[in-house]
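In what follows, a structure is listed as structure tokens, so that the remarks can point back to it.
The values are calculated or read from the model by the stated rules, or taken from the named source; none is laboratory data. Everything numeric here is computed off the predicted structure, so don't read it as measured data. Cβ placement follows ideal geometry from the backbone for every residue including glycine, while neighbour counts extend to all protein chains displayed. Just the protein is used for accessible areas: all its heavy atoms, side chains included, with ligands, DNA and RNA removed. Shrake-Rupley method; radii C 1.70, N 1.55, O 1.52, S 1.80 Å.
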Amino acid sequence: MKFGILLFDGVEPIDLAALGALSIAKRFEPSIETCVIATGEHNKVTLACNVKIEAEFTIKNAPECDVYLIAGGPTWKEEIHREQTLDFIRCKSLSAILGAACMGVTLLAAAGVLDNKKATLRNQTSGSEENPIEYVKRQWPAIDPVVAHIVDQGRIVTGGGGVLNLDVALYLLERLYSKELARNTGRILEYNEAYMANANRLGIIT
């Protein structure tokens, strides 16, 4: 099974945690493949901390994947207006599973693939920032945003804020492979207790 990680300029480094989880999972399940896809015209992506990485593909030449995980970051407000990115998400939503956490969920919202569905994303704010869940509710009334650990709507799986992109990856490993694979991955990451604490505190909606 192939997982594509979708990145854009300004992505938070913490949103690469899902890639790290998949790398660990491959130790137990060699059939797992990953690739990194940039939404811009070039392969280079500048993270929010100004670190530059080089993606293997852009959305113009990206391979077909079974799952696409969309990262988030403070530049989401610009990315939700990039029709090239939104068209890519719409197209892939017809055949693949889409996952996102934190502000990456707004790209799914802007693409229209969350219409008439529940979703979750970050519920904490900094400074005078509008609460992201309230923002989604106001901006896209067809979506039902809720506070949760993970919301599974079939082809689309969303998670709460920040590091919960790691939780989305672990959740999908359990759903698509096995509980044993997810737990072994979480064990190596020493993250299983944190995952369960997040699930118990916020709840998983299916």
Unmet requirement for Ala110, which otherwise passes all of (1) more than 22 Å from Leu16 (Cα to Cα); (2) modelled with pLDDT of 95 or more; (3) open to solvent by 10 Å² or more (accessible area, probe 1.4 Å): (1)
Single residue of the range 87-105 satisfying the filter (in a strand (DSSP E or B) and in contact (Cβ under 8 Å) with a residue 60 or more places away in the chain) that is most open to solvent (accessible area, probe 1.4 Å): Ile97
Enumeration of residues in the range 123-152 that are in a loop (DSSP other than H, G, I, E, B) and either in contact (Cβ under 8 Å) with a residue 40 or more places away in the chain or of a type in the set (Gly, Ala, Ser) (or both): Ser126, Gly127, Ser128, Ala142, Val146, Val147, Ala148, His149
Per-region count, the range 152-167, residues closer than 20 Å to Ile89 by Cβ and either open to solvent by 40 Å² or more (accessible area, probe 1.4 Å) or over 12 Å from the mean Cα position of the chain (by Cα) (or both): 4
Candidates Glu83, Glu79, filtered to the one that is more than 30 Å from Ile188 (Cα to Cα), charged (D, E, K, R) and crowded, with 17+ Cβ neighbours inside 10 Å: Glu79
Subset of the range 182-205 that is among the aliphatic types (A, V, I, L, M) and crowded, with 19+ Cβ neighbours inside 10 Å - its residue that is modelled with the lowest pLDDT: Leu202
Residues satisfying the stated conditions in the range 11-44, i.e. over 19 Å from Leu189 (Cα atoms), under 15 Å from the mean Cα position of the chain (by Cα) and of a type outside the set (Val, Ile, Thr): Glu12, Cys35, Ala38
Residue check for Leu170: under 12 Å from the mean Cα position of the chain (by Cα), part of a loop (DSSP other than H, G, I, E, B) and crowded, with 23+ Cβ neighbours inside 10 Å: no
Residues (open to solvent by less than 20 Å² (accessible area, probe 1.4 Å), assigned to a loop (DSSP other than H, G, I, E, B) and more than 22 Å from Ile156 (Cα to Cα)) located in the range 36-75: Leu47, Ala55
Positions within the range 1-28 being in a loop (DSSP other than H, G, I, E, B), open to solvent by 50 Å² or more (accessible area, probe 1.4 Å) and not charged (D, E, K, R), in sequence order: Met1
